[in-house]
Structures are given as C-alpha cells and as structure tokens.
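Below: one structure, written as structure tokens.
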Amino acid sequence: MSNLDITYISQILTGYKSMKGALIPVLQEVQNHYTYIPEPAVDLIAEALNISPSEIYGVLTFYTQFYTQPEGKYTIKLCRGTACHVKGSKSILEAIERKLGIRVGETTKDDLFTLRIVACLGACAVAPVMMVNGDYYGELTLEKIEGIFDELQAKECKSAKT
C-alpha cells in the first residue's frame, strides 16, 4: 500500500489531536473510508494521539469490528450464534466457502466478497441468518445461498458491462 492517499487520515486526525479517548472513533472513521485500517495509518494515528503503535494494534486485534486487510465489495457476516448453530449455520458456512472458494476471514481474488462469522446478528427468529453489507438474509438454505451469490455475481457482471 505504498501509494495510499493519507490525506483523509490527516483530515480526520486534525479534529482529534492529543484528545483522550479518541482512538476508537478515529479507527472507525479511517475504516469507514478505507474498509480497513491501513498499516501506514497506525503510525500517523499513534503520533497524532500520542500513543504507541502497539497500543493501537492491541485495540485492532481485540475488537472484531476492525480489519487490518482490505475488505471485498460485499462483506458477508454469517451468524454462528446458538439459534443459527442449531438451525444449521455450519452447513451454510461450508456452502458459502465452497461457492466462493474462500475461508472465514478471506477475500475472493476478485475483491468482491469477504467472509466473516459473527456471534450474533440479533435475528434469531429467522435463523440461520447472514448479513451482506447491511442486508439481512434469513431462513437460509443451501439453495438460497446459491441464489443469493449467483444474483450478486450477476449484478456485478451486469454493472461491469455498463
């Protein structure tokens, strides 16, 4: 990421310089912009907030909301909570991994999909459930999974042609 434009990071940091308790809001703003926390951002944030890079990495690795690698265009969050587990989320996970050719935490080679698991999406009534970029898909079956990803891939092919 040597050609990372850090202008946005610098703009964010001007509002937070040396402010106590600013780390998480800064990280959230950076990630909202880049979809992850780029490595060069850590040093800039550390300097601006007068904290060590290791403290920042401690926060990045503790909270599952932060990513240190670029996300795909579509981030899939599959629930593995109790209700979803009981209703078969393990087989859904395996089907998604087969369909996309990736494992949890990975992104497809075309940067289209990133697969994550979460403890709960709060939609137990429609278990098993997943969220793709904020859209919920419930009562998942192996057939529904095929259709959802075929539809998203077709949408991308269509938009690439226009």
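The values are calculated or read from the model by the stated rules, or taken from the named source; none is laboratory data. Worth saying up front: this structure is predicted, and the values here are computed from it rather than measured. So basically every Cβ, Gly included, is an ideal-geometry build from the backbone, and we count neighbours across all protein chains shown.
In the range 86-100, how many residues are farther than 15 Å from Phe113 by Cα, assigned to a helix (DSSP H, G or I) and in contact (Cβ under 8 Å) with a residue 24 or more places away in the chain? Count: 4. Taken together, the residues in the range 118-143 that are without any contact (Cβ under 8 Å) to a residue 24 or more places away in the chain, closer than 16 Å to Tyr74 by Cβ and surrounded by 12 or more Cβ atoms within 10 Å (Cβ to Cβ) amount to 2. Taking the listed residues Leu100, Leu78, Leu112, the one that is in contact with a Phe, Trp or Tyr (Cβ under 7 Å, 6 or more places away or on another chain) and within 13 Å of Ile145 (Cα to Cα) is Leu100, with no other qualifying. Scan the range 43-73 for residues that are small (Gly, Ala, Ser) and in contact with a helix residue (DSSP H, G or I) (Cβ under 8 Å, 6 or more places away or on another chain) and the total you get is 3.
For the criterion of being acidic (Asp, Glu) and over 21 Å from the mean Cα position of the chain (by Cα), Glu106 fails.
Within the range 11-24, residues that are exposed (fewer than 11 other Cβ atoms within 10 Å of the Cβ) sit with their Cβ atoms under 8 Å from residues that are not aliphatic (A, V, I, L, M), at 6+ positions apart or across chains, in these pairs: Ser18/Asn50.
When you look at Ile76, is it in contact with a helix residue (DSSP H, G or I) (Cβ under 9 Å, 6 or more places away or on another chain), at pLDDT 95 or above, of a type outside the set (D, E, K, R) and part of a loop (DSSP other than H, G, I, E, B), yes or no? Considered against the rule, which asks whether it is in contact with a helix residue (DSSP H, G or I) (Cβ under 9 Å, 6 or more places away or on another chain), at pLDDT 95 or above, of a type outside the set (D, E, K, R) and part of a loop (DSSP other than H, G, I, E, B), Ile76 comes out as no. For the residues Gly58, Gly21, the requirement of being farther than 21 Å from Met130 by Cα and either in the same structural domain as Glu156 (by TED's automatic domain parsing) or part of a helix (DSSP H, G or I) (or both) singles out Gly58.
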